[in-house]
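Inspection log for the structure reproduced underneath, given as C-alpha cells.
The values are calculated or read from the model by the stated rules, or taken from the named source; none is laboratory data. Everything numeric in this text was worked out from a predicted model, so none of it was measured. Heads up, the Cβs are rebuilt from the backbone with ideal geometry, glycines too, and the neighbour counts pull from every protein chain shown.
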Amino acid sequence: MILRCTAKVLALVKPASLVEAPPSGADWYANVFPIHRRKCLLLTHAETLFSVVVPDVVVSRLRPPGQLVVDHIGAALRQEQLAPDVFGVLDASDVHPARTADRRVLGVMTDHRYVVEIQAAHGSGLDAGLDDLHHRLHRHITLSKGTTYPIDLVRSALDTP
C-alpha cells in the first residue's frame, strides 16, 4: 500500500526513504491536524474517497505507520460490514510512505476535516461518536465524485470482477 503523506505527516513519520511511484487510485492519503488540542490522523482512499479518522495519534505509533493505518482502515471496513480485503490485502509491513500526488484528494481531505471539526464541536465528539463520524464521512458527497457516496463507490468496487 502506498501511503501518500502530507509534509506534516512525513515530519512525524520520519521515514528512512520515500517510495517514488506514479499516483494510483489504490493509494491512501494521510494528513494530520489538531482537534481540541488532540492530534488526529485522516486517511483517505484516492479512488473512492473512503476516509478514516484516527483521534489521539501518538507519534511513536506512526513510526512505522503501517500497523496504525491497517488497524484503523480494517476497523472502519468492519464497521461498514465490508470485506477486509476490499482495498487489497491490509498488511502492516507493506505500507510505504510517499509524497502526496493528487490535489483533488487533498481538497476532499480538507472538506472531511471540516466535517470532523463540526462533529467534534457540535456532535457527540470524537470519543463516543467515532462510529457515527465514520458513518457520516462515508456518506458525504464531494463534488469530485458527483452525487455518489464513498461507501457506494467501495461497494461497487466489490461488484467489479
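Is there a residue being over 18 Å from Arg99 (Cα atoms) and surrounded by 22 or more Cβ atoms within 10 Å (Cβ to Cβ) anywhere in region 2-22? Checked against the condition, which is being over 18 Å from Arg99 (Cα atoms) and surrounded by 22 or more Cβ atoms within 10 Å (Cβ to Cβ), region 2-22 yields no hits at all.
Pairing each residue of region 106-121 that is free of Cβ contacts under 8 Å to residues at least 40 places away in the same chain with any residue that is among the basic types (Lys, Arg) and part of a helix (DSSP H, G or I), provided the two are 6+ apart or on different chains, yields C-beta distances under 9 Å for Val115/Arg136; Gln119/Arg136. Annotation note: Cβ proximity below 8 Å between a residue of region 76-89 that is at positive phi and a residue that is buried (at least 17 other Cβ atoms within 10 Å of the Cβ) (sequence gap 6+ or interchain) occurs for Gly88/Met1. When you check Glu20 against the structure, is it in contact (Cβ under 8 Å) with a residue 12 or more places away in the chain and under 22 Å from Ile141 (Cβ atoms), yes or no? Criteria not met by Glu20. Taken together, the residues in region 108-154 that are under 16 Å from Gly25 (Cβ atoms) and at pLDDT 85 or above amount to 6.
Taking (1) under 14 Å from the mean Cα position of the chain (by Cα); (2) surrounded by 20 or more Cβ atoms within 10 Å (Cβ to Cβ); (3) small (Gly, Ala, Ser) in turn, Ala120 satisfies each apart from (1). Count of region 74-83 residues, restricted to those that are polar (S, T, N, Q) and either within 15 Å of Leu41 (Cβ to Cβ) or part of a helix (DSSP H, G or I) (or both), is 1. Of all residues in region 22-73, those satisfying the criterion of being out of contact with any helix residue (DSSP H, G or I) (no Cβ under 7 Å at 6 or more places or on another chain), assigned to a helix (DSSP H, G or I) and either at pLDDT 95 or above or within 13 Å of Val108 (Cα to Cα) (or both) are Val69, Asp71, His72, Ile73. Residues that are surrounded by fewer than 17 Cβ atoms within 10 Å (Cβ to Cβ) and either under 24 Å from Ile35 (Cβ atoms) or in contact with a Cys (Cβ under 9 Å, 6 or more places away or on another chain) (or both) within region 91-101 comprise just one, Arg99. Of all residue pairs spaced 6 or more apart or on separate chains, those with beta-carbon atoms under 6 Å, a first member in region 34-61 that is surrounded by fewer than 15 Cβ atoms within 10 Å (Cβ to Cβ) and a second member that is assigned to a loop (DSSP other than H, G, I, E, B) are Arg38/Pro55; Arg38/Asp56. Kindly check whether there is at least one residue in region 90-103 that is in a helix (DSSP H, G or I), among the polar types (S, T, N, Q) and in contact (Cβ under 8 Å) with a residue 24 or more places away in the chain. So far as region 90-103 goes, yes, one or more of its residues are in a helix (DSSP H, G or I), among the polar types (S, T, N, Q) and in contact (Cβ under 8 Å) with a residue 24 or more places away in the chain.
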